[in-house]
Structure formats: structure tokens, C-alpha cells
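First the structure, in the form of C-alpha cells, and then the observations on it.
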Amino acid sequence: MTFPDRVAVLLDGEYVKKTLQKKTKRFPSADDVMDEVKRILTDLSLARLTLYRIFYYTADPLAGKTTHPLSGAQIDFAASVVFSRNTQLIDKLENQHDVAVRRGTLAHQGWEIGHSAVRSLLGGTKNAVVARDVLPKIQQKGVDMRIGLDIASLALKRLVSTVVVVTGDSDLVPAMKLARREGLRVYLDTLGNRSTRPELRIHADRIL
């Protein structure tokens, strides 16, 4: 069974958001994300291929309420700016043509001192932790697994000839290796980030 001349673009949502936010100095919009996809699809190495689908991997924003351990204040995650921005981004991407959103989950796993507070404490410019320094520790679960499963499925079912993976996460290397063994071309796009782990580059056929 031969591979069809099609390409799938797989976007690691957290990586995409963080990288675009560093570039634009603001929270990225759905248009920002789709502009990057358009840039990818105009690459000469993909010129003869038709688009199969764009996959965007993320988690729904954390909802629910909790109590801050220092201030005792009630925190409603669903009332935050982070919640509204991420909800809007996901909703708009879901309604784009040829886009499928794959969802993991977010879990609130206690509390931690923020990075800026840690730097101030270590630098001697701060000598005590106050309530605003203590932030909720939130972990994303299941997203890497979904990206890996989709890469494997695309390869084993011969749905595309090429996948473009937009990520900086080396946990995806086993899935990329499997896809290449099965005959897929695996391209990597880091959105211009030069600090990507070397194993990601090694196991990609091309860096866009």
C-alpha cells in the first residue's frame, strides 16, 4: 500500500503559544497560529502535497475553585484572564477549516514559588515570600501521548506521506522514529527556536 501525497501538520499547543508569545510580546491569537501553518504549507518541500489535516494539541483551561495557602483568598480559575484567553483561542481554532483540536487535561497539583520570586530571593533583593509569590502548580497531562498516537496512526494507516511536527518536546522522538521506520517523511518546525534539543533534529528528515 503506497502513501498518498498528503501532509498533516501537528502542533504542540503549549509550545506554539509560548514561542509565539515570546515573539509577539502578547498572547497569540488563532490568526497567529494559522499564519504559522500557512508559512509551513508554502515551504517548497511540501509543494506537491495536499493538506490532510491540521492537528492542534492542548488542554481545556483549568476551571474550579481553590484557596490560596498564604492569603486564604478564594481563587476561581474560570474567572481568570488566562481561562478566557485560552478558551477563546481553542474555540476559534476549532472552527478553522481542516483543523482538529485534540485535548489532554490540566491538573492542579499544589503550589510553588514563582520564578521571578525565586530569582529575587537568590539575588538577595527579596528576603521573604509573600502571597503573590506563591502560584498554583498546574500540569498538563495526556497531550504528548495524543501527539505520539496520532503520528503512529498516520504512519501505520498510510493516511499521509509526510508529517510536520511543530514542537520542542523530545518526548516525541520515539513516535517520530516509528513514523520514519514506516516510511513517512517527518519534518520538524520549531518556529525559529534555535534552542531545540538535538535529538529532535536528529530524528527529523528536514527542519523547516
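The values are calculated or read from the model by the stated rules, or taken from the named source; none is laboratory data. All values reported here derive from a predicted model rather than from experimental measurement. All Cβ positions, even for glycine, are placed from backbone atoms using ideal geometry, and neighbour counts span all protein chains on display.
The table that follows gives values for the structure above.
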read-out: Condition check for F55: within 21 Å of the chain's Cα centre (by Cα), in a helix (DSSP H, G or I) and surrounded by 15 or more Cβ atoms within 10 Å (Cβ to Cβ); value: no
read-out: Leading residue by the ranking (farthest from the chain's Cα centre (by Cα)) among those in the range 171-197 that are loosely packed, with under 15 Cβ neighbours inside 10 Å and among the polar types (S, T, N, Q); value: S195
read-out: Residue in the range 175-195 that is of a type in the set (S, T, N, Q) and either part of a helix (DSSP H, G or I) or in contact with a strand residue (DSSP E or B) (Cβ under 6 Å, 6 or more places away or on another chain) (or both) present; value: no
read-out: Top-ranked residue of the range 156-170 - restricted to ones that are outside any loop (DSSP other than H, G, I, E, B) and touching a Lys or Arg at 6+ places or on another chain (Cβ under 7 Å), ranked as surrounded by the most Cβ atoms within 10 Å (Cβ to Cβ); value: T162
read-out: Qualifying residue in the range 24-37 (condition: buried (at least 20 other Cβ atoms within 10 Å of the Cβ) and aromatic (F, W, Y)); value: no
read-out: Residues of the range 94-151 satisfying the condition of being among the polar types (S, T, N, Q), assigned to a helix (DSSP H, G or I) and either modelled with pLDDT of 80 or more or loosely packed, with under 15 Cβ neighbours inside 10 Å (or both); value: S116
read-out: Count of the range 1-51 residues which are of a type in the set (D, E, K, R) and in a helix (DSSP H, G or I); value: 11
read-out: Residues located in the range 58-86, provided they are under 24 Å from A100 (Cβ atoms) and either outside any strand (DSSP E or B) or basic (K, R) (or both); value: D60, P61, L62, A63, V82, F83, S84, R85, N86
read-out: Test for T196: is it over 15 Å from L10 (Cβ atoms) and β-branched (V, I, T); value: yes
read-out: Selection status of V16, touching a residue at least 60 places away in the same chain (Cβ under 8 Å) and closer than 20 Å to A204 by Cα; value: yes
